[in-house]
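One structure is given here, and the rest of the page talks about it.
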C-alpha cells in the first residue's frame, strides 16, 4: 500500500480526493491536513510514501511546505495538487523540487497515475508543463541569446517547426489558425536572421531546444 | 548787390591794369624808339657830313695839279706884260693850249667848269668859253676864293654862280712861277651841287640842309627851302650876305622854323622835329643840319604797336569781359540758390521750432556744462515755470537731490561718453514744489571734434504710471498672497485627494484580491469538489445506468466550463500569481496569456535579481503594464511588444515598447485618454515617475521608474 499525506484546506474537496484515492485499492491516505503547519507536523510524526499538497492554504502555503519537507526528506516524492493551472506555478514547484503537478480539475483522471508514477521515482507533469520547463531550461542555458527576443508562443512554434511538424499540425496543437502559424514562422526567420526551416532546425538543436 | 559791386570794381581794375600795362609798354617802346631814332639821326648826319666833306674837297688835289701845269704858267707868263714882250702868236698858242687843258680837266673830272684867272680876278680862259653863260673876261675879284688864292693859299668856297646862277663848290689854287714862286694867277674848278643834293634823298620825314654861317640854306633835299634862312636872322647879317654876293642879291626869307632848346624845332605847321647839326670839314661854320620829324618817329613805334597790340588788347578785353560776365552770371545763380537754401533753412528752422514747441512732449536741451539752453512749451507747462526762469539755469536745479546725485555720478558721465541715454528715471521738481517722476531719454549733438556740445532730451511723465505700478504691485502682492494660500490649499487637497485616490485604489485592489481569491479558492474549490463527485458518479453509473452516466459526464463538462469562467473572472480581477509568485512570474504569465489572446508577439525580459517587492509596488507595476498592453491590443496595430524590467538594489525600471502606429502623446495626455492618467496616478502614488513617448508612425515607449526600498514610507 502506498501511504499518502493529503494536505488541503478545503474539507469537501479533501473528502472527494480521499474517496478517489481510497477506491484505488493500492493507495491509502494515512494523514489529512487542513493547513501547511498541520501537514508538516503529520509528516514529521509518521513518514509517508507520497505527499499531496495544495498550494493555496492558510498559514504556510503549499510550496513552502514542500520546500521544508524536502529539506527533511530529500527523497520524498511530493505531488502539488492545486486549482492553479498556470505554468508559472508548475515551474516554481519543479524548482522547489516536487515530482508531480496535478490540477484539481484533472484529479479524478490523473491523480492515481501521478501517485503511482512519482512513487516509482519518475516525474509526473502535464505536457504543457514539460514544454514550458524545456523552454525555460533552453533560455537559462543560453544566457544572453537570440532566444531572449522570442515570445513564449514563438519559442513553442520554433520548437515544433524544428522537430518537423507541419503548419497544420502546429495550428491544431495550439488551437490557432494556419495563417497565424505562418506569421510566427516568418517572424522567427526575421528575428533570428535565418532563411528556411532547415536552418531553424539547426538553430533549435544548437540552442538545446530539441534533442538532435 | 554787394557782389555785383565787387565784380564791377574788379572788372574796372582789370581794365585799368590792362590799360596801364599797355600804356607802360607803349611808353617804354616809344622811348626806346626815340633813343634809337636819335642814334639813327646822329649816324645819318655823320655819314652825310662825311660824304659832303669828301665831295666838297674832291677837287682840291686836281686844282693843285691843274695849277702846276706848264701850259697855265706859260700862258699867264705870256700875258704878264712886265716880263717879256708879248708875242701875239705865242700868246694865242699858249691860250689855245691852256683852253685845251682846261677842257681836258673839265671832262676828266666831270666838273661844272674849269677856268683860269689873272691876278686881277679877270677870267682869262674857261672851259665854258663857248657857252652862252661864258664869263670869260669877267672879273671876280670879290670872290673870297680868288682873294685867298691870289695871296698864295688854296681855298674852297661855296657860292651861287653870279653868271650861271648855278650853285657850286669852287676850288682855287694859285698858279706860281717855278723859279721864284710868284703868284701869276688862280686856277679854279667849280663842281655842281646838284649831284650831291640828289644823294640826300626826298623823304618828307627827314630834312637835310647845309647852311652857311648865317643860317642860309644852301643845299637841301627840299627845294622850297633853298636860299631861305633856317632861323630868323638879324638885319646886320642880311646885310653881310648881300655884301658878300655869295648867294646872289637877296633878300632871303626864313623857312619859319623855331628852335626849341638845342635839339628840337617846330615848323610853321606845328610839326616838331629832332634837330642834329655837324660842322662840315674845311668849311668853318658851315653845318649839315638833320631834321627828323617826331611824328614819323612815333609813327614808327606806334604803327606796329597798333598792329600787334590792338587786336591782343581787344581780344583780352573781350575775354576778360566774357569771363567777368560768366563769373557774374554763375555768382548770380549761386546767390539765388543760396538765398533759396537760406529761405528753406529758415523755414525748416521755423518748422523745427514749431515742432519743438508744439510736440506734446517735454523737450529740453542742455549744454556741455549742464545748463538749460532751451525748453519746449510743454516742458514749461508741465512743470509750471516761465521760460525766463528756466533757460540759463542748470538742469540740476529742477531735480530732487537723489536725482541730482544720480545724474552727477552716473547719468552725465555716461551720457557725455556715449552720446545718448535712454529711460533714465529722474524726479523733477515743479514750481509748486511737487515732484514729477519722468523717464528721460536724450541724444547728444557733437561738434566737429566729436565733443558733445548740447543734448536733446525728451522726458515722459510717468507719475501716473508710477502710481499705477504701485497699485499694481500691491494688487500683485495681494494676489500672490491669495495664490500662495490657494496653492497651499490645493496642495493640501491634492495630498488628501492622492491619499484618497491611493486608498481607493488600495481598497479596490484589496477587494479585487478578496473577490478573486474568494471566487478562485472558495467557489473554485466547491466546483472542483462538485466535479470530483460528478466524475465519481459517472464512473459508478457507467456500468449500471448509461443514461445517468451520460448526465454525469454532461455535468462534469458543465462544471468545467463554470470553473473556466470563474478562473477567468478571478484572474482578470487579480491574478493569484502576483501574490503567490511575484511580479516577474505574473508578468510572464500575463504576456504569454496576452500573446495567446491577441496574437501580438510579446516578450518579457528581466535583468537583475528581482527582490521581494512590496505589494503596492508590484501591483502598480503589474497594473501599469496591464494597461499599457491593453492599449497596444486596442489601438496600436503593433506586431510586437517588449517589456524590459531592470531591477537593482535601489530602483526598479520598467520599459514597455511597441512597434505600432504611435499617437500624438501630448493630445492623449491632455485629454487623459488611453488610461494614461490612471497609469501616471499609480506611478505617482508609490512615489515613482512615469513617462510616455510616442509619435505617429514611430511606436510608443512607456517608462516607469521607482525607487526600491524608499517607497516603503510613501
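Just so it is clear, none of the values below were taken in a lab; they were calculated from the coordinates. In this text, all values refer to a predicted model and were calculated from it rather than measured experimentally. When we count neighbours, we look across all protein chains shown, and the Cβ atoms used for this are built from the backbone with ideal geometry, even at glycine.
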(request) At 7 Å along the Cα-to-beta-carbon direction for both residue B:705 and residue B:51, put a label point, then send me their distance in nm to one decimal. (result) 14.4
(request) Over all alpha-carbon pairs in the range B:582-714, figure out the percentage whose distance exceeds 17 Å. (result) 55
(message) Test of understanding: ordering B:376, B:53 by Cβ neighbours within 10 Å, fewest first, what list do you get?
(response) B:53, B:376
(message) At 0.36 nm per residue, and after removing the present C-alpha to C-alpha distance, how many nm does the segment from residue B:243 to residue B:307 gain when stretched out fully?
(response) 17.4 nm
(message) Just checking the output field for A:106-114: average partner chain Cβ neighbours within 10 Å of each residue's Cβ?
(response) 2
(request) Could you give me the percent of Cα pairs per 5 Å distance bin for the range A:2-125, shortest bin first, beginning at zero and ending with the bin that holds the maximum distance? (result) 2, 13, 26, 28, 22, 9, 1
(request) List the pair-distance distribution P(r) of the protein assembly as shown, using every Cα-Cα distance, as the percent of pairs falling in each 20 Å bin from 0 up to the bin containing the longest distance, rounded to whole percents. (result) 9, 18, 11, 7, 8, 8, 7, 6, 8, 9, 6, 3, 0
(message) Translational diffusion coefficient of the range A:85-212 at 25 °C, 0.890 mPa s, Stokes-Einstein with Kirkwood Rh over Cα pairs, in µm²/s as a whole number.
(response) 154
(request) Kindly give the semi-axes, whole Å and largest first, of the ellipsoid equivalent to chain B, taking each as the square root of 5 times a Cα gyration tensor eigenvalue. (result) 176, 41, 19
(message) If I fit a long axis through the Cα atoms of helix B:676-685 and take the longest principal axis of the Cα atoms of chain B, what angle between them do I get, 0 to 90°, rounded to 10?
(response) 80
(request) Rank the residues B:132, A:104 as a footprinting-exposure proxy: fewest other Cβ atoms within 10 Å of their Cβ go first. (result) B:132, A:104
(request) At 0.36 nm per residue, minus the direct Cα-Cα distance, what do residue B:614 and residue B:27 gain on full extension? Give it in nm, one decimal, please. (result) 197.3 nm
(request) Quick one: pull the percentage of alpha-carbon pairs in the range B:463-574 with a separation above 17 Å. (result) 73
(message) Which of B:702, B:335 has the fewest other C-beta atoms within 10 Å, and how do the rest follow up to the most?
(response) B:335, B:702
(message) Can you show me the helix-derived [θ] at 222 nm for the protein assembly as shown, built from DSSP H runs with n ≥ 4 at -39,500 (n - 2.57) apiece and divided by the number of residues, rounded to the nearest 500.
(response) -17500 deg cm²/dmol
(message) Counting only other chains, and only Cβ atoms inside 10 Å, what mean value do you get across the residues of A:84-93?
(response) 6
(request) May I ask for log10 I(q)/I(0) of the range B:359-461 at q = 0.11, 0.20 Å⁻¹, from a Debye sum over the Cα atoms as equal point scatterers with solvent left out? (result) -0.29, -1.01
(request) Provide the FRET efficiency to the nearest 0.05 for the residue A:211-residue B:488 pair, computing r from the beta carbons and using R0 = 56 Å. (result) 0.20
(request) Quick one: angle between helix B:235-244 and the longest Cα principal axis of chain B, in degrees between 0 and 90, rounded to 10, please. (result) 50
(message) I need the per residue convex hull volume for the range A:169-212, using only the alpha carbons, in cubic angstrom as a whole number.
(response) 82
(message) Please report Rg (one decimal) and Dmax (integer) in Å for the Cα set of the range B:58-192.
(response) 13.5, 39
(request) Could you compute the FRET efficiency for residue B:393 and residue B:467, with r as their C-beta to C-beta distance and R0 at 35 Å, rounded to 0.05? (result) 0.75
(message) To test your reading of the geometry: what angle, between 0 and 90 degrees and rounded to tens, separates the Cα axis of helix B:524-544 from the longest principal axis of chain B?
(response) 50
(request) Calculate the spin-label point distance for residue A:22 paired with residue B:515, positioning each point 7 Å from the Cα along the beta-carbon direction, and give it in nanometres. (result) 3.9
(request) First measure r as the distance between the Cβ atoms of residue B:698 and residue A:11, then evaluate 1/(1 + (r/R0)^6) with R0 = 60 Å and state the FRET efficiency to the nearest 0.05. (result) 0.55
(message) Using a 7 Å offset from the Cα along the Cα-to-Cβ direction at both residue B:345 and residue B:430, what is the distance between the two label points in nm, to one decimal?
(response) 4.1
